[in-house]
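Single-structure report; data block below.
The values are calculated or read from the model by the stated rules, or taken from the named source; none is laboratory data. Remember, predicted model here, so these are calculated numbers, not experimental data. Positions of Cβ are backbone-derived with ideal geometry, glycine not excepted, and every protein chain shown enters the neighbour counts. Areas reflect the complete protein model, heavy atoms only, side chains present, ligands, DNA and RNA absent. Shrake-Rupley method; radii C 1.70, N 1.55, O 1.52, S 1.80 Å.
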Amino acid sequence: MANRSPRIAIVTGAARGIGAAVAERLLSDGLSVALIDMDGDALSTTVERLAGLGPALGITADVRDPAAVDAAVARVRDDLGAPTVLVNNAGYIRDNLFHKMTLENWDDIMDVHLRAAFLVTHAVQPYMSEAKSGRIVNISSIAALGNRGQANYSTAKAGIQGFTRTLAIELGRFGVTANAIAPGFIETDMTRSTAARMRVDFDDFKEQVAQQIALGRVGQPSDIAGVVSFLVGPDSSYVTGQVIYAAGNPTV
Ligand code: NAP
């Protein structure tokens, strides 16, 4: 019998960084991929770069906005088919020491990591339940374990883990798995901007970080894309509600 693995994937925050690498990997794995991002120009460049790998649809949308999310998911259904793979990846940081952290810093981070993951998952889940098959992968972070200057982000990324486990419990009966990946330091514009904010040269910053990592190097977006590929592929069909730390280090 033919392999009936899910075929239509949505990746949020896919214009660059981890999301772009995930989209590239899923296309190479034979899925059709809708790439959603706020940054339309960067998104077009990425979709153009990946188009040769398979059906890639770029949709410019802010995943914090319910109407934009509903429209984006409807477009995926119309143009590619019913989505049964979802990677909630879009995000940014608004770091500040807690005593300096504003309510705006806090709300911004809850919006992009938790509200957005809720909205997109809510819009996609009916297609998974109907297909009796689905894979949800949420991008958490080692910051979920606590990190200086990231009270907001740490809280949101820990929240993503609770969200993931609960989705696994509720949606398992519909053949849907939900797992999270908690990356460590990955070389992207996000970590580049952290170095810039700290006024440290990015190469020096990476070298300093690498010295604290058992594998002796910082991560690349493809390191995370490989874990997504596993969680979306046939070999992980009995894995659900898990958080996989991909940090080059053991974590507690
Ligand atoms: P990145 O290079 O900054 O890429 C994130 C992408 O998400 C950007 O293209 C961004 O667009 C987009 N985005 C942000 N808010 C959005 C929204 N509301 N709607 C749609 N798209 C939105 O970041 P990254 O390092 O690849 O991070 C990806 C995910 O991994 C994030 O959830 C991050 O928290 C997580 N993570 C990263 C690391 C790391 O070390 N890099 C470690 C652990 C976890 P704009 O550029 O227009 O904002």
**Item:** Selection status of Gly219, without any contact (Cβ under 8 Å) to a residue 40 or more places away in the chain, surrounded by 19 or more Cβ atoms within 10 Å (Cβ to Cβ) and out of contact with any helix residue (DSSP H, G or I) (no Cβ under 7 Å at 6 or more places or on another chain)
**Value:** yes
**Item:** Selection status of Ile181, assigned to a loop (DSSP other than H, G, I, E, B) and either within 13 Å of the ligand (Cβ to nearest atom) or not basic (Lys, Arg) (or both)
**Value:** no
**Residue satisfying condition, being in contact with a helix residue (DSSP H, G or I) (Cβ under 8 Å, 6 or more places away or on another chain), in contact (Cβ under 8 Å) with a residue 12 or more places away in the chain and assigned to a loop (DSSP other than H, G, I, E, B), within set Ala9, Ala23, Ala15** = Ala15
**Request:** Please work out which one of (1) over 18 Å from Ile186 (Cα atoms); (2) buried (at least 23 other Cβ atoms within 10 Å of the Cβ) is the condition Ala144 fails and give its number.
**Result:** (1)
**Prompt:** If the Cβ limit is 6 Å and pairs must be 6+ apart or interchain, which residue in region 229-252 that is closer than 18 Å to Val11 by Cα pairs with which residue that is basic (Lys, Arg) and open to solvent by less than 50 Å² (accessible area, probe 1.4 Å)?
**Reply:** Val232/Arg135
**Among the residues listed as Phe205, Phe163, the single one being in contact (Cβ under 8 Å) with a residue 40 or more places away in the chain, in a helix (DSSP H, G or I) and not β-branched (Val, Ile, Thr)** = Phe163
**Request:** Scan region 42-52 and give yes if some residue there is under 27 Å from Gly219 (Cα atoms), near the ligand (Cβ under 8 Å from one of its atoms) and of a type in the set (D, E, K, R), otherwise no.
**Result:** no
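So that you can scan it fast, the table gives a plain yes or no per residue for (1) within 15 Å of the ligand (Cβ to nearest atom); (2) within 17 Å of Ser154 (Cβ to Cβ):
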residue: Val69; (1), (2): yes, no
residue: Val76; (1), (2): yes, no
residue: Pro83; (1), (2): no, no
residue: Arg94; (1), (2): yes, yes
residue: Thr102; (1), (2): no, yes
residue: Asn105; (1), (2): yes, yes
residue: Leu114; (1), (2): yes, yes
residue: Gln125; (1), (2): no, no
residue: Val137; (1), (2): yes, no
**Asked** Restricted to region 94-105, and to residues that are among the aliphatic types (A, V, I, L, M) and in contact with a Gly (Cβ under 9 Å, 6 or more places away or on another chain), which residue is least open to solvent (accessible area, probe 1.4 Å)?
**Response** Met101
**Request:** Mind listing whichever residues of region 150-185 are hydrophobic (A, V, I, L, M, F, W, C), within 16 Å of the chain's Cα centre (by Cα) and open to solvent by less than 10 Å² (accessible area, probe 1.4 Å)?
**Result:** Ala156, Ile160, Ala178, Ala180, Ile181, Ala182
